[in-house]
Structure formats: structure tokens, C-alpha cells
Amino acid sequence: MPALQAIEAAAPLRNMVTPGGLAMSVALTNCGALGWTSDRRGYRYTATDPLTGKPWPAMPAPLSQLAHEAASAAGFPDFDPDACLVNHYLPGTRLSLHQDKDERDYAHPIVSVSLDMSATFLFGGLQRAGRPLHVPLHHGDVVVWGGVDRLRYHGIAPLADAPHSLLGSRRINLTFRRAA
Ligand code: MD6
Ligand code: FE
């Protein structure tokens, strides 16, 4: 938590705009050599934070180690993340179904860490259509997302307000990626 607070102090949380012109309800920031951003021109990874003009804060070693160990345990021993998206949710926040395809090499998995309030993860197929599985994600859950499932559509259902003991009515999700 102190590491996350330091990241958020250097690279403030913000609601990015999608290429379609809508503000995302998830507030996000990044740490690591690369950070994911969205604006009217599209989605991409950048080495600097467009808000501050400075490099994204470094990825704290305990976090990159956690991601490496989780990926290893799931059969991806070579995972060395260069980007970590920090997503913040408040009650009502949602993340619509999407594929993560802005990374260079889909052979690398994504490692997702959930903190604080629980959420319902929507786990869909390789096409957007169809009803996704609803998978609860609780504080401390780690998901390794790779292999044949790497390009599945997924999202987060509108967050219910069930305050967690750590941060109250908030959810944080960290996704570690190998972007370059
Ligand atoms: C979230 N997660 O849990 C959003 N993407 O808040 C994602 O969009 C995600 O958890 C790729 C892989 C794992 C994920
Ligand atoms: Fe995603």
C-alpha cells in the first residue's frame, strides 16, 4: 500500500478518454518502464506520463517479484513485466468487455492482482458476443491470464458497494504486462 501511494503521488490517477470520446469510469495510472494510455488518438504504451511529461514511476521490486512468481507457478517461468496498470474502482465503476491486445507478444501472460473490495470478473470468449462467466475476485486474488486464453474478452461488472476493511469503498486492480 505505501508503494502504491508513492506511485499515485508521482503519477496521479485519472479517468482517460477512449478513442470514441467517452471518459472511462475506471481511474488509472501506471508504474514501470512503460504505461498504458488512452486518448482520442487510440490506445498505446508510452515511456512518459502524458499528464506530467515525466517517466512513469518505477515498478517496486516486491510487485514485479510477485508477478514473476505467480506467472512462474502457472507455467510461464520467463515473465518479466515492464508495465503495470493500476486501476481504481468506486461503487458503480465498470469496465466494459475488451481484449488486451496493445502488447507486442501475446506469448507473455498478464498477471492481475485484486485488492480491497470484491468485484465480479466477466470472463468471455474470443468473440464479444455471448454471456461471459461471472467470476468473483476478492482481496488478494491473483489471476494469471495467458496461453490460449490470452485474447479472451473480459471486463468488470458495475461494482457493488461492499466496503472492505483496508480502503473502504474502493477496489484496486494491478495488471502486470510485458508490453514491449
Ligand atoms: C480488473 N482487469 O480486474 C480489470 N485484463 O480491474 C483486466 O482488464 C485484466 O484482470 C487482462 C488480464 C487480467 C485482467
Ligand atoms: Fe484487460
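Odds and ends about this structure:
- Taken together, the residues in the stretch 116-130 that are in a loop (DSSP other than H, G, I, E, B) and either at pLDDT 95 or above or closer than 26 Å to L90 by Cβ (or both) amount to 7.
- Checking H134 against (1) away from ligand 2 (no atom under 12 Å from the Cβ); (2) part of a strand (DSSP E or B); (3) closer than 22 Å to F76 by Cα, the condition it does not meet: (3)
- Among the candidates G168, G124, G147, residue that is surrounded by fewer than 16 Cβ atoms within 10 Å (Cβ to Cβ) and either within 16 Å of ligand 2 (Cβ to nearest atom) or of a type in the set (A, V, I, L, M, F, W, C) (or both): G147
- Qualifying residue in the stretch 146-153 (condition: in a strand (DSSP E or B), farther than 29 Å from P2 by Cα and touching a Lys or Arg at 6+ places or on another chain (Cβ under 8 Å)): no
- Counting the residues of the stretch 45-74 that are closer than 22 Å to L28 by Cα, surrounded by fewer than 17 Cβ atoms within 10 Å (Cβ to Cβ) and of a type in the set (G, A, S) gives 4.
- Selection status of P77, buried (at least 19 other Cβ atoms within 10 Å of the Cβ) and either at pLDDT 95 or above or touching an Asp or Glu at 6+ places or on another chain (Cβ under 9 Å) (or both): no
- For the stretch 89-105, taking the residues that are within 13 Å of ligand 2 (Cβ to nearest atom) and over 21 Å from P136 (Cβ atoms), the one that is surrounded by the fewest Cβ atoms within 10 Å (Cβ to Cβ) is identified as K101.
The values are calculated or read from the model by the stated rules, or taken from the named source; none is laboratory data. Remember, predicted model here, so these are calculated numbers, not experimental data. No Cβ is skipped: glycine too gets one built from the backbone with ideal geometry, and neighbour counts run over all protein chains shown.
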